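Below: one structure, written as structure tokens.
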Amino acid sequence: MNELIRDYIHAELGKEVNALSGYYVAVDEKKVPYNGRETLCFIGEYVTYGLCCGKSESSYAQVAGYIVNWKSKKDALGTPISEVEPITDEKEKRDLNALIKESEFVRIVEFL
């Protein structure tokens, strides 16, 4: 097995996760085709609260990597797990960043 391949536990869509100054929530899960492969991408929204600025909202995308095995197992709670290969090539990251921002209204694209 390729040592770069890792398990990725899928986010529960619609579940708010509290953070220090707000919360975030995964709202969609997508398979994004790129260069003959598919990448696993989550679209989310986050809200932050600040004393100076009040409430701030925005959207983000998280790219888990190239899909190797789609939802091939589950964790102890029954949450699906896919095997992914992280994206490390900087050109691929730039290309995917642009591709995702063209099709999704997101401010940030993060590679896990």
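Readers should treat all values here as calculations from the given coordinates under stated rules, not as data from a laboratory. Because the structure is predicted, anything quoted here is derived from the model rather than measured. As a convention, Cβ positions derive from the backbone with ideal geometry for all residues, glycine included, and neighbour counts pool all protein chains shown.
Compared with the direct C-alpha span, the chain from Glu57 to Glu85 gains 7.0 nm at full extension, assuming 0.36 nm per residue.
For Lys15, a cut-off of 24 angstrom between C-alpha atoms picks up these lysines, skipping any fewer than 8 places away in its own chain: Lys30, Lys31, Lys55, Lys71, Lys73, Lys74, Lys101. Percentage of Cα-Cα pair distances in segment 6-111 greater than 21 Å, rounded to whole percent? Taking all Cα-Cα pairs of segment 6-111, the fraction more than 21 Å apart is 40 percent. Magnitude of the charge dipole for the chain, about its Cα centre and with charges confined to Cβ atoms of Lys, Arg (+1) and Asp, Glu (-1), is about 100 debye.
For the chain, the longest principal axis of the C-alpha atoms and the axis of helix 90-103 are separated by about 60°. Distances between placed amide hydrogens fall under 5 Å for Val68 paired with Glu83, Val84, Glu85, all partners being 5 or more residues away or on another chain.
Compared with the alpha-carbon gap, the fully stretched path from Ser103 to Lys31 is longer by 24.7 nm at 0.36 nm per residue.
For Glu110, the residues whose amide H sits under 5 Å from its own are Ala61, Gln62, Val63, ignoring neighbours fewer than 5 places away on the same chain, with H placed 1.01 Å from N. Peptides 65-72, 105-112 ranked from most to least packed, by the mean per-residue count of other Cβ atoms within 10 Å: 65-72, 105-112.
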